[in-house]
């Protein structure tokens, strides 16, 4: 981690920026600063080189054309691969999540991905639209995942990656699992933005980036209220907050 500030990079906002995913950048920077951790938020467009010495990299959702172009430019740049090799944190959502695998489909064509996680994505029989929830991998020690999904893809995990959550509502990867993670790289289909609905997930990314085993608790009154409302909407008996 930088000795001066935690550097959080939002990659390709000109191509991958749907459903409020910029909120993930704002949430991370805010939760860091509230704990006295200096944070520098950077936005790197697709015509700019990717800085390889940052601490957290974010990828958002996008349409097929921009997603395919983003893949081409990310592969050609090579900076994200170098960042992963030095154990930087990667958090990707929806189209950005699909880019982390070996392949995905855009406008009916199979496209090569970044091969940062062991999975491949194709097209599903129907579009997945609506609330998404599931119980997160116990090894991550996080409460129920909540979010909103809107994608036509299906993601098939390989043996070298673990699912982020077991689906209880929605489709996620394939109706059973949702998202994927390995090391300090994590992806999900969850919008919302994801880190606003799941502040504990934001703190996990901050712990990974800073190397701290724990972080000072914050007042999450409003986040808990939002989580409670959304989980109650899909599971009337309530759910973990």
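Read-outs: derived from the displayed coordinates by stated rules, not from any lab. The shown structure was predicted, so the numbers you read here are calculated from the model rather than taken from an experiment. Glycine also receives a Cβ, built like all others from the backbone with ideal geometry; neighbour counts cover every protein chain displayed.
What the table below lists for this structure:
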{"item": "Ranked 156, 191, criterion: other C-beta atoms within 10 Å, fewest first", "result": "156, 191"}
{"item": "Burial order of peptide ranges 175-181, 134-140 (average beta-carbon count within 10 Å, highest first)", "result": "175-181, 134-140"}
{"item": "Inter-probe distance in nm under a simple model that places probes 7 Å from Cα toward Cβ, at residue 35 and residue 139", "result": "2.2"}
{"item": "Within the chain, helix-based [θ] at 222 nm, where runs of 4 or more DSSP H residues each add -39,500 (n - 2.57), nearest 500", "result": "-8000 deg cm²/dmol"}
{"item": "Shape category assigned to segment 72-134 from the gyration tensor of Cα positions, a/c cut at 1.5", "result": "oblate"}
{"item": "Proxy reagent accessibility, fewest Cβ within 10 Å first, across 42, 16", "result": "42, 16"}
{"item": "Cα gyration tensor shape of segment 1-126, rounded if a/c is under 1.5, else prolate or oblate by comparing a/b with b/c", "result": "prolate"}
{"item": "Gain in span if fully extended, residue 222 to residue 53, counting 0.36 nm per residue against the direct Cα distance", "result": "57.5 nm"}
{"item": "Whether segment 92-174 is rounded, prolate or oblate, judged on the alpha carbon gyration tensor where a/c under 1.5 counts as rounded", "result": "oblate"}
{"item": "Percent RCO, i.e. relative contact order, over the chain, from Cα pairs under 8 Å lying at least 6 residues apart", "result": "18"}
